[in-house]
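Below: one structure, written as structure tokens.
Only the coordinates and a few stated rules stand behind these numbers; no lab work does. Note that this is a predicted model, so its numbers are computed, not measured. Ideal geometry is used to build each Cβ from the backbone, glycine not excepted, and the neighbour counts take in all protein chains shown.
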Amino acid sequence: MPTNLPPEALKKWEEYSEAQSPEEKLRKLQEFYSLMPKHKGTEKLEKFVKRRMSELRDEIERQKAAKSKRGGFAVEKRGAAQMVLIGFTNSGRSTVLSKLTNANPLISPYPFTTVEKPEEGMMEFKGAQIQVVEAPPIVPDGGKLTNLAISLSYNSDIL
């Protein structure tokens, strides 16, 4: 059965074929669907277009979900300010944290002691309570730990 598509619909189909982003493809496909005649000859094409629009919506949703998962984690800010201790592994972040606050972080001579979660403690400075957070180490090749340390720094007041 012939589809007998009008010229406007054919033009929208070409625009859909040339589109690059999923959002643009979805928009062009919706425009094509609105111009497409619905009759017995276009049933299979109509099913294909509806399925493709659904796939594009799912793809756009997955991309949005992936973007929202990016960040790392944040420590809830307490006190007047939040200070994050950032540094390489074995640079003394845990020692500084234990000297400034009442926290008891694990201090060891081997690298990557603070990996699981950030250690935190409170210190008083001129009558103000300041939260001190020890971030995971920054590693030279980047990676997950460096991203977590950087994400902690976004919400901090002092580095």
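Which entries in LYS28/LYS50; LYS12/LYS40; LYS12/LYS67; LYS77/LYS117; LYS25/LYS50 show an alpha-carbon gap greater than 19 Å?
Beyond 19 Å between Cα atoms: LYS12/LYS40; LYS12/LYS67.
Given bins 10 angstrom wide, list per bin the percent of all Cα-Cα distances in region 7-69, short to long.
P(r) for region 7-69, in whole percents per bin: 23, 48, 21, 7, 1.
Could you pull out which residues in region 5-19 have an amide N less than 17 Å from a spot 7 Å beyond the Cα of GLU59, following the Cα-Cβ vector?
The answer is 13-19.
Where does the charge balance sit around GLN82 when Lys and Arg score +1, Asp and Glu -1, over other residues with C-beta under 14 Å from its C-beta?
That works out to -3.
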